[in-house]
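Please read through the structure below; I'll follow up with questions.
The values are calculated or read from the model by the stated rules, or taken from the named source; none is laboratory data. Just so we're clear, the structure is a prediction, and the values are computed from it rather than from any experiment. Backbone-built Cβ (ideal geometry, glycine too); neighbour counts: all protein chains shown.
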Amino acid sequence: MLALARWSWHSSTVTPDDPALRPDPRRELSCELLDPEQWRTPGTFELLATDPTWPARAGRLWTAHGPVDTPCFMPVGTYGAVKGLDRVDLEAVGSQIILGNSYHLAHRPGADRIRELGGLHRFITWDRPMLTDSGGFQVFSLRGLQKIDDEGVRYQTHFDGSRHRMTPRSVLETQAALGSDICMILDHCPPADAPPAKIREAMDRSSRWAREAAALRGQILAPEQLCFGIVQGGVDLDLRREHLATIAELPFDGVALGGLSVGESIELMHETLGEVAPQMPTERPRYVMGIGTPVDLLVAVRSGIDMFDCVMPSRNARNGQLFTFGGRINIRQSRYRGDPAPIDAACGCRTCSAYSRAYLRHLHEQHDPLYGRLATIHNLYFFHQWVAAMRWGLREGRFAEVERALAAWVSADRAAKASAAAATASK
Ligand SMILES: [Zn+2]
């Protein structure tokens, strides 16, 4: 098992209130500092620092739209927008790269329409890097509306019931039309509760599709578009290692772990990450798809992961959950009705510099769209700051201190959650 005991508080020279842990998430971002004359060939991955204790590392990945400093959190803009935020907001919170969902964009407004409008970057006026998924994960989630065979998957959309086919070729064609900087291949992600034989079957199918994608990418994608392979295998470590060996052999620009955070326990997910991530190729970027919580990001970075994406900061913001360095709060609670303080007094985001908890709670109650925007700005700033602290620690040779301080935050946040749950139960 993963050493959960290590997460207890140790004396540290960096405390959770230390300014070192609260860097401006835009500080020293290569995308803000470097001029395009200094850009390197898309796909170049520079390993800038490693930690002596953990497999953690800091690096820089080059794309056709500039560099991404890693470790890096990628906000999710399903339909080409991180809900409620525009380009200026995203740059202000320190987003280096955003993720778009191919399944959604391919049907609304349509990949060809986006191509005719000059590609996804121009369509949404975002000139920094963009990653798109294959759309496969959404299609495999359409239970009862999809049929998988060895060549691909037939499905009916959840939009209008129209029938379509998705193959290793079609997902690359869609992402070529979108003009994504980083494209993901089609893989088969089974649910966490699938029997072992089904996990093996999905893995073998994913291997065939990966070989097909590796052979096709040169014909379909532009030379500057990167393409990442995806490792499946559930939480079975032997299957994961076997599939990692298959994917690592193929000429992809980066390697991703898929099929995590799909219903398995958090402990098993962390254990799988801790075992598999350090074995991924060191010279290429490593990406875990669809995680996670602040503790998931801590575990991922410690294990040597460079990139991650999750809807959590934006989705949870809209539901009232706001992250602070004092633990999570829920703005819907009545105690914030008369609270003149900002969400987090030490936060540097534009929401905290101007607005009170009382005002945010009021906006939430009135269903004002301004609430979602201000809350998402704060949560994304928190997530970017959380990862910026780890990036700073790795680059400065102080990751162990940062790691201990963030682990202490995790313990405090868990205690706060437990006491909030107990208070609710005793009512
Ligand atoms: Zn804030």
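For residue 276, indicate whether it is under 25 Å from residue 171 (Cβ atoms) and not in a helix (DSSP H, G or I).
So residue 276 fails the test.
Output the number of the condition that residue 85 fails; it satisfies all remaining conditions of (1) surrounded by fewer than 23 Cβ atoms within 10 Å (Cβ to Cβ); (2) under 22 Å from the mean Cα position of the chain (by Cα); (3) not in a loop (DSSP other than H, G, I, E, B).
Evaluating residue 85 over (1) surrounded by fewer than 23 Cβ atoms within 10 Å (Cβ to Cβ); (2) under 22 Å from the mean Cα position of the chain (by Cα); (3) not in a loop (DSSP other than H, G, I, E, B) leaves (3) as the failure.
Given the conditions (1) part of a helix (DSSP H, G or I); (2) modelled with pLDDT under 95, report the number of the one that residue 92 does not fulfil.
Tallying (1) part of a helix (DSSP H, G or I); (2) modelled with pLDDT under 95, residue 92 fails exactly one: (2).
Name the one entry in 216, 250 that is in contact (Cβ under 8 Å) with a residue 40 or more places away in the chain and over 25 Å from residue 72 (Cα atoms).
216
How many residues does region 328-353 hold that are more than 10 Å from the ligand (Cβ to nearest atom) and either over 23 Å from the mean Cα position of the chain (by Cα) or surrounded by fewer than 16 Cβ atoms within 10 Å (Cβ to Cβ) (or both)?
Summing the residues that are more than 10 Å from the ligand (Cβ to nearest atom) and either over 23 Å from the mean Cα position of the chain (by Cα) or surrounded by fewer than 16 Cβ atoms within 10 Å (Cβ to Cβ) (or both) in region 328-353 gives 12.
Being among the hydrophobic types (A, V, I, L, M, F, W, C) and surrounded by 15 or more Cβ atoms within 10 Å (Cβ to Cβ) is the filter; apply it to region 359-381 and report the residue that is farthest from the ligand (Cβ to nearest atom).
Among them, the one singled out is 363.
Also, quick follow-up: For residue 315, are the conditions met, namely being within 19 Å of the chain's Cα centre (by Cα), crowded, with 16+ Cβ neighbours inside 10 Å and more than 14 Å from the ligand (Cβ to nearest atom)?
When the stated conditions are applied, residue 315 does not pass them.
Please enumerate the residues belonging to region 136-162 that are small (Gly, Ala, Ser) and either surrounded by fewer than 17 Cβ atoms within 10 Å (Cβ to Cβ) or over 22 Å from residue 212 (Cβ atoms) (or both).
Selection gives 141, 144, 161, 162.
When residue 305 is evaluated against the numbered criteria (1) modelled with pLDDT of 95 or more; (2) assigned to a loop (DSSP other than H, G, I, E, B); (3) of a type outside the set (Phe, Trp, Tyr); (4) within 11 Å of the ligand (Cβ to nearest atom), which criterion, by number, is the only one it fails?
Checking residue 305 against (1) modelled with pLDDT of 95 or more; (2) assigned to a loop (DSSP other than H, G, I, E, B); (3) of a type outside the set (Phe, Trp, Tyr); (4) within 11 Å of the ligand (Cβ to nearest atom), the one that fails is (4).
Would you check which residues across region 38-77 are closer than 17 Å to residue 287 by Cβ, in contact (Cβ under 8 Å) with a residue 40 or more places away in the chain and among the aromatic types (Phe, Trp, Tyr) and list them?
45, 73
Determine whether region 400-418 contains at least one residue that is of a type in the set (S, T, N, Q) and within 30 Å of residue 86 (Cβ to Cβ).
no
Now for a different question. So which helices (runs of 4 or more DSSP H) are wholly in region 328-427 and hold at least 3 residues that are of a type in the set (Phe, Trp, Tyr) and touching a residue at least 40 places away in the same chain (Cβ under 8 Å)?
Per the criteria, 369-396.
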